[in-house]
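The structure appears below as structure tokens.
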Amino acid sequence: MAHRAHLAPAAEPVDTPVVARLRALGTALPARDGIAVFHRVYLAVTESADRDPGAGPGADARAGSALGTRCAERYLAAVAAAGRDDRPPACWRPLFQFRRHPQVRPPQFALAGVNAHIGHDLTLAVVDTCRALDCEPADLEDEFERVGDLLAALDERVREELVPGPDLLRIADPLTHLLGSWSLDRAREAAWAAARALWALRRLPELAGEFADRLDAAVGFAGRMLLTPLPS
């Protein structure tokens, strides 16, 4: 299935609670930092989506807001855990471990963040939202697609703003191969399948916990590969 991302024209940011928290975090992050690289692009796209959510007449605004908020809160919780020297989820650990590595390039930081956010945070946010609203994942499919479109816009923005132009990015450049090894469409399809599986396992908490842990580890492994240090 093809997915299109929509970016709204520039306008003044709207401070919903999540956007306000993201903006506050952005002012606290060091400029030369891998988390800040991801965060700047994530905030810009989130503000754009917040101004123009693109909800059609059949959209459930409450469900869409709940899903988007819970997804963002998982990222914010990971940053807070790292700030307390706690262990963030495995999917985010490579980004925190390599955030100041001189041979990891900005697009790698940004895509590693997208990978963690869609592969883990969005998956668990679907389950969180189903519990909160007493609904099934199928009831959130449209809202899942809208959040997925936001992350597709994030992926587009990373590649437009952070990837070197063709005069600098050679075919033989290892960055070319890394960027081509990760697909957002495959990641969002996997996230939706994992969310439905987790929901089906909700009455088997031990098995559901093991599934969630393995998902977290697998997404973290992909993030670690995206953050492979490259020669300059």
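Any read-out appearing in this document is the output of simple, stated calculations on the displayed coordinates, not a laboratory observation. A quick note: this is a predicted structure, and the numbers were derived from the prediction, not measured. When we count neighbours, we look across all protein chains shown, and the Cβ atoms used for this are built from the backbone with ideal geometry, even at glycine.
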Original post:
What ³J(HN,Hα) values, in whole Hz, does the Karplus curve 6.51 cos²θ - 1.76 cosθ + 1.60 give for the range 84-96 when θ = phi - 60°, with x put for Gly and Pro?
Top reply: 8, 6, 8, 8, x, x, 4, 5, 9, 4, x, 5, 6
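Please list 181-192, 21-32 highest first by mean number of surrounding beta-carbon atoms within 10 Å per residue. It would help to have the intermediate numbers written out before the result.
On the way: 181-192: 17.0, 21-32: 12.9.
For the peptides 181-192, 21-32, the packing ranking is 181-192, 21-32.
Give me the net charge of ALA125's neighbourhood, meaning all other residues with Cβ under 13 Å from the Cβ of ALA125; Lys, Arg count +1, Asp, Glu -1. Don't jump to the answer; show the numbers that get you there.
Working: positive: ARG70, ARG74, ARG131, ARG146, ARG188; negative: GLU73, ASP121, ASP128, GLU143.
Charge balance near ALA125 sits at +1.
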Original post:
So between THR228 and ALA31, what do we pick up on full extension, going 0.36 nm a residue minus the alpha carbon distance?
Top reply: 68.8 nm
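So how strong a dipole does the range 72-166 carry about its Cα centre when Lys and Arg Cβ are +1 and Asp and Glu Cβ are -1, to the nearest 20 debye? Before the final figure, lay out the partial values.
Numbers: 11 positive and 17 negative charges, 188 e Å.
Roughly 900 debye, rounded to the nearest 20.
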